[in-house]
Amino acid sequence: MRTTLTIPATRAYISGRHTWGEWEVAMRNSKVFVFLATLGMVVALVGAVPAAASHGDAGKACIVNSIGGPDNPFNIDTAEGAKDAEAKLHVDVEILDAMTETEVIANIDLFLTAGDCDLIIGTGFISGGLLEPFIATNPDQRFALIDFGFGGFYPNVAEVVFRVDQSGFLAGYLAAGLSTTGAVGTFGGIPFPTVTAFMDGYALGVEWYNSVYGTTVEVLGWDPDTQTGLFTFDFQNPAAGRAVAADLYDQGADTVFPVAGPTSFGAWDEAVDRKAAGEEVRVIGVDFDWAGSFGDPDRVILTSVIKDYGPAVFDQIAALVDGSWSAGFGFVDLEGEATDIAPFHYLNSAVPGFLKNDLKDLRAGIIDGTIPTYP
């Protein structure tokens, strides 16, 4: 197994099927630069922070969405979680969308100036990072960060991380079950824990399939034991992702799972062209439901490993309402439906019934803790 692969950065890439702008809107608020502890740690509660204002028993939650506006897939999820909270918890929720980082900053300032937010929630990497100076200078204001965090450094912030190792495990098991070449592949952007968590789960899912069926499907691109594998060292370079995916397909992988933000999109283009040339290859999307968001007329997207901001947002607001909210580090998981694999969409008929049944059993085992999904 090769340990690294560096691809020269070229930012002029435009896909024939989707533009970089489309992908940027959907992906720039990814989690890739989060500096957090490993997913197995318990929530560190550091005490309650006084609310900024009072709105009766329910209170008010204010959401600072990342760039991309209301059509961003993550922002759509956030809006659904907020709507659910308003209906079930009778709480006031206000969301401010933005198309630029400057607008995100302005939205944060608007909420703080108004002074009536019992909880300010930032979603994704962009909003999370831009919130930091405001968090530091407003110690009496409660904040929650979805898919971002500072490792528990601030005592007025709840940090929510997704257990993508669990959903990645399901994707790996599925990929192994469909493999006819005996190999599947994955690669990452930069080897941050929030990237390698996807890859760990994926590789361990393949291993679990092998143990169940006595097969020897190989994972190209990542070794969970040594924590070494393939990385582009770039999250904004679909051309680099395409090159790495091509290399993995050439080595025999028939399904590739890219975990590299916008760079991942190149793997989809590579799969489409190979499918047109007669190869039976597939790709697994990352972060949100690719086929559900963009369609899949070429029938190459097996599934996607998704993060649903909606349940995470709802849980933070619910904790505010019932008085259980606490600052600290925690995670959301498969049980809470905050992460999972997407429907098979156009490839549903290609997934045999026994695999679908296996996935149901695996999901139950992961939730009850009998199936480990990280090294």
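On the given criteria, is ASP84 modelled with pLDDT of 95 or more and either under 26 Å from the mean Cα position of the chain (by Cα) or over 24 Å from ASP289 (Cβ atoms) (or both)?
Taking the combined requirement at face value, the residue satisfies it.
Which members of region 275-301 meet the condition of being in a helix (DSSP H, G or I), of a type outside the set (Gly, Ala, Ser) and over 23 Å from GLY168 (Cβ atoms)?
The answer is LYS275, and nothing else.
When only residues in region 134-162 that are among the polar types (S, T, N, Q) and not in a helix (DSSP H, G or I) count, which is nearest to the chain's Cα centre (by Cα)?
Checked region 134-162; the qualifying residue nearest to the chain's Cα centre (by Cα) is ASN156.
Of all residues being part of a helix (DSSP H, G or I) and touching an Asp or Glu at 6+ places or on another chain (Cβ under 8 Å) in region 118-133, which is surrounded by the fewest Cβ atoms within 10 Å (Cβ to Cβ)? Just the residue, please.
LEU130
Could you identify the single residue in PHE235, PHE265 that is in a loop (DSSP other than H, G, I, E, B), within 30 Å of ASN75 (Cα to Cα) and not charged (D, E, K, R)?
Selected residue: PHE235, the only one of PHE235, PHE265 that is in a loop (DSSP other than H, G, I, E, B), within 30 Å of ASN75 (Cα to Cα) and not charged (D, E, K, R).
Given (1) more than 19 Å from GLY59 (Cβ to Cβ); (2) modelled with pLDDT of 95 or more, where does THR100 come up short, assuming only one miss?
It is condition (2) that THR100 fails.
Pick out the one residue from GLU86, GLU94, GLU101, GLU159 that is without any contact (Cβ under 8 Å) to a residue 12 or more places away in the chain, charged (D, E, K, R) and more than 30 Å from ASP250 (Cβ to Cβ).
After ruling out the rest, the residue left standing is GLU86.
Every residue in region 65-78 that is in a helix (DSSP H, G or I) and closer than 17 Å to GLU103 by Cβ, please.
GLY69, PRO70, ASP71, PHE74, ASN75, THR78
If you take the residues in region 336-375 that are among the charged types (D, E, K, R) and surrounded by 17 or more Cβ atoms within 10 Å (Cβ to Cβ), which one is nearest to LEU174 (Cα to Cα)?
Per the stated criteria, the residue is ASP358.
Out of all the residues in region 185-226, which are crowded, with 24+ Cβ neighbours inside 10 Å and either free of Cβ contacts under 8 Å to residues at least 12 places away in the same chain or in a strand (DSSP E or B) (or both)?
Correct list: GLY185, THR186, PHE187, GLY188, VAL219, TRP222.
Which of (1) surrounded by fewer than 20 Cβ atoms within 10 Å (Cβ to Cβ); (2) within 27 Å of GLY151 (Cα to Cα); (3) in contact with a Phe, Trp or Tyr (Cβ under 6 Å, 6 or more places away or on another chain) is the odd one out, the single condition GLY115 does not satisfy?
Every listed condition holds for GLY115 apart from (3).
Being surrounded by 20 or more Cβ atoms within 10 Å (Cβ to Cβ) and closer than 30 Å to ASP358 by Cα is the requirement here; does LEU145 meet it?
Considered against the rule, which asks whether it is surrounded by 20 or more Cβ atoms within 10 Å (Cβ to Cβ) and closer than 30 Å to ASP358 by Cα, LEU145 comes out as no.
Hey, HIS18 hits all of (1) in contact with a helix residue (DSSP H, G or I) (Cβ under 6 Å, 6 or more places away or on another chain); (2) modelled with pLDDT under 95 but one; which does it fall short on?
Unmet for HIS18, out of (1) in contact with a helix residue (DSSP H, G or I) (Cβ under 6 Å, 6 or more places away or on another chain); (2) modelled with pLDDT under 95: (1).
Would you point out the residue of region 86-100, among those that are of a type in the set (D, E, K, R) and in contact with a strand residue (DSSP E or B) (Cβ under 9 Å, 6 or more places away or on another chain), that is surrounded by the most Cβ atoms within 10 Å (Cβ to Cβ)?
ASP97
The values are calculated or read from the model by the stated rules, or taken from the named source; none is laboratory data. Note that this is a predicted model, so its numbers are computed, not measured. Virtual Cβ from ideal backbone geometry, glycine too; neighbours counted across all protein chains shown.
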